[in-house]
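Comments concern the structure below.
The values are calculated or read from the model by the stated rules, or taken from the named source; none is laboratory data. Owing to the predicted nature of the structure, the values given are computational and were not obtained by experimental measurement. Cβ placement follows ideal geometry from the backbone for every residue including glycine, while neighbour counts extend to all protein chains displayed. Areas reflect the complete protein model, heavy atoms only, side chains present, ligands, DNA and RNA absent. Shrake-Rupley method; radii C 1.70, N 1.55, O 1.52, S 1.80 Å.
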Amino acid sequence: MKKKSLVSILTLSMAISLLSGCGGGSAKKNDGSTTGNSANKTTETSDGEVVEITFMGWEASPLETKAVEDGIAEFEKQNPNIKVNYTPAGKGGSDYNAKMIASAAAGSLPDVLFVASDTYRDMVARGAIEDLTDMFDSELSFNDYIESSKQIMEVDGRVYGLHSCTVSPIAYYNKDVFDAAGIKYPSADPADSWTIEEFRDIAKKLTTDDIYGCYGLENVADTLNAQLLSNNGKRYNDDYTKSIINSPENKEVLKIIKEIRTVDKSMPDATTLDSVGMTSKQMLQTGKVAILIDGSWSMQELADTGMNVGIAPMPSYARVTTTGQAHVHSISKTSKHKEEAWKFLKFLAGYDYLGAVCHTGLWMPNRISFYEEENWDKWMNPDIHGEDYKLMLNYFKNAEVDPSALQKTAKGRDIVIEETDMYFKQDQDLNQTLENIDRRINEAIQENLEDMK
């Protein structure tokens, strides 16, 4: 499909974080429980033939799994001739990616699957997932997707998966800690949001013997790329064939992040959380951390705690921005039930599913129509999405695509994590760190390109 024909391609969504473990579908019984039967099959009922399709994702949290299962129940209610056998395959990550690629090579992928954004192009190049462009053109609108979603879904003018949603790194803060310190809340309005200098000063003021001012800036998977882009740094060249992280703009960001922990003493590292036996969200909830930089999906979990939490944009460097990305929903090339799988993908993109999951605070919509005020009540939850959230809607809608979603090797994220850990935690030289990242990622890109020939 040529670029201009993309004007009418699609409509859908979802995402978090990564993947893990590849297994077969799990057949849901009438009582909602599951069995281990993963085979595609049909079952005769009094109403006729029921087609069963397998669906594989990951379990980022029990709340996410429940949201997916609730959506499947609604789809089956609307489509009694289709049964969806869902398998949440582990927590996600590089293990899932590797096993998914192995399953693709063996021709044993499920009918429908989550594909992490950083693995999507790899799966397309391997010919493992179905080209959906013609169906998109006839039934959906590509122009209803936000820009970051368009960039993720489109590969050489074609679309092979429906972007599930969008998620972005943002700042959460414990209002009670701010109140006790007599410090004004940060603005949720991106036009008036805090700079990294202001953020750093506030974090120092909030830090005491019992409280850390902030946490999460070192979290590569969720927050680092947004900070680099904010400082006009780049991760890759224009066609994503070369890593170019070793730049003055990116060095400045990494230097500031480390100074917040080592010079300001305002931020713990992950080993501190391990030693006290708390997650970062628990540290925020209990007031041990005043500000948490984390993914937007954490709104659901934090809202469930009942804590007095506020939200704000990421602290900005040269400009105010965040990143947007999420996994795509794809149909395997080997699926024998593509018509039913496509019907399921369309459902996953609509208000009955995407709107319901956004209502929980887990995800954010990636379709422009969802951001129009007359549609807010179809997915917003007043117990979660308050006035501060509404001020940030354009911030989410206009987020820049996360560079990791467009990279040509799924190894890129792990390489950055490994090398920045050496810098942040073991004092590896910054120049050496960035040189290592560029060298290792460029080697992985070339290896992957050779594999695709």
Violations at 19 Å Cα threshold for listed pairs Lys184/Lys265; Lys83/Lys336; Lys77/Lys343; Lys204/Lys251 -> Lys184/Lys265; Lys204/Lys251
Could you pull out the trypsin sites (Lys or Arg not before Pro) across the range 167-200 that fall in loop regions by DSSP (anything but H, G, I, E, B) with no more than 11 other Cβ atoms inside 10 Å? Lys184
Value of [θ]222 nm, deg cm²/dmol, for the chain, DSSP H segments ≥ 4, -39500 (n - 2.57) each, nearest 500: -11000 deg cm²/dmol
I'm spelling it out carefully: the read-out is semi-axes √(5λ) of the Cα gyration tensor in Å, the candidates are (1) 36, 26, 25; (2) 36, 26, 20; (3) 63, 32, 18, and one was derived from this structure. Which label? (2)
Measuring from the longest principal axis of the C-alpha atoms of the chain, the long axis of helix 196-206 (C-alpha) lies at a number of degrees, nearest 10, equal to 70
Using only the Cα atoms, work out Rg/Rh for the range 235-297, with Rh taken as the Kirkwood radius, to two decimals. 1.12
Carbon and sulfur: what percent of the range 110-196's accessible surface (1.4 Å probe)? 43
Using per-residue counts of other Cβ atoms within 10 Å, averaged over each peptide, order 372-383, 390-401 from highest down. 390-401, 372-383
In degrees from 0 to 90, rounded to the nearest 10, what is the angle of the helix 412-426 Cα long axis to the longest principal axis of the chain? 20
Per q in 0.12, 0.13, 0.16, 0.19 1/Å, what log10 I(q)/I(0) does a Debye calculation on the alpha-carbon atoms of the range 180-287 return? -0.49, -0.58, -0.83, -1.09
On average, how much accessible surface per residue is there in the chain, in Å², for a 1.4 Å probe, leaving out ligands, DNA and RNA? 40
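Based on the mean of other Cβ atoms within 10 Å per residue, sort peptides 52-62, 266-276 so the most packed one is first. Walk me through the intermediate numbers first.
Values: 52-62: 21.5, 266-276: 15.6.
In decreasing order of mean packing, 52-62, 266-276 become 52-62, 266-276.
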Straight distance only, please: which aspartates and glutamates reach the Cα of Lys234 with their own Cα at less than 13 Å, same-chain residues fewer than 8 apart left out? Glu249, Glu252, Glu400, Asp402, Asp438
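Can you pull out the chymotrypsin sites (Phe, Trp or Tyr not before Pro) in the range 261-349 whose DSSP state is coil and whose Cβ has at most 13 other Cβ atoms within 10 Å?
Values: sites: Trp297, Tyr317, Trp342, Phe344, Phe347; in loops: Trp297, Tyr317.
In loop regions of the range 261-349 (DSSP not H, G, I, E or B), there are no sparsely surrounded chymotrypsin sites (Phe, Trp or Tyr not before Pro).
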Packing-wise, with mean Cβ within 10 Å as the measure, how do 236-247, 422-433 rank, highest first? 236-247, 422-433
Taking amide H positions as placed 1.01 Å from N in the peptide plane, with prolines and chain starts having none, which residues 5 or more places from Val401, or on another chain, fall under 5 Å of its amide H? Gly324
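Taking the range 323-371, which trypsin sites (Lys or Arg not before Pro) meet the DSSP loop condition and have no more than 16 other C-beta atoms within 10 Å? Please list the in-between numbers first.
On the way: sites: Lys333, Lys336, Lys338, Lys343, Lys346, Arg367; in loops: Lys333, Lys336.
Answer in residue order: Lys336.
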